[in-house]
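Structure first, then comments.
Every read-out reported here was derived from the displayed coordinates using simple, explicitly stated rules and does not represent laboratory data. Fair warning: this is a prediction, and the values are worked out from it, not measured in the lab. All Cβ positions, glycine included, derive from the backbone under ideal geometry; neighbour counts span all protein chains shown.
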Amino acid sequence: MAGTRTLTIIKPDAFGSGKAGKIVAHLEAAGFRVVTSRVLHLSTAQAEAFYEVHRARPFFASLVKFMTTGPCMPMILERENAVLELRTVIGATDPAEAAPGTVRKLYAVSKESNAIHASDSDDNAQRESNFFFAETEIIAAR
Ligand code: CMP
């Protein structure tokens, strides 16, 4: 991925309330290219595995429950310095603290129902991309 790609998820709150199109347009306007995407409804086991790193946190069970409430839309995005740039564009975890004009300020409901996920490092971007997409899908999109 070499700093040019990251993984995002339009979460069930935003996907279910019809905001996916607006969010993708926002990301494209910020210079990201959609490399590949899909829509799926995570099982409890899948959500637990994706957020494994947060297993010890007090919000883990609630986060897993929320992520399984409906379909979500993972995407691999590409642009220079993708991980850092995407985290800037989506804003702080809590929409109340997110900067004006960020995806979470515009579309998130709360700290948990916060519209969108973004990988926090190149290593996690790779791991999270492999979680949702087969190598063939990623290579085919190059
Ligand atoms: P995300 O970027 O997907 O990474 C972990 C998620 O945990 C985060 O977005 C939030 O949706 C959620 N989260 C983080 N902190 C809290 C919290 N204090 N209460 C509830 N959910 C949280």
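Remarks
- With semi-axes defined as the square roots of five times the eigenvalues of the C-alpha gyration tensor, the equivalent ellipsoid of region 1-133 measures 20, 17, 14 Å, largest first.
- Selection among Thr4, Pro71, Ala134 by position relative to the dipole of the chain gives Pro71 as farthest towards the positive end (Cβ unit charges, Cα centre).
- Total lysine pairs in region 4-135 at Cα distances under 14 Å, for residues eight or more apart or on different chains: 6.
- The dipole here belongs to the chain: it is taken about the Cα centre, uses +1 on the Cβ of Lys and Arg and -1 on the Cβ of Asp and Glu, and is about 340 debye.
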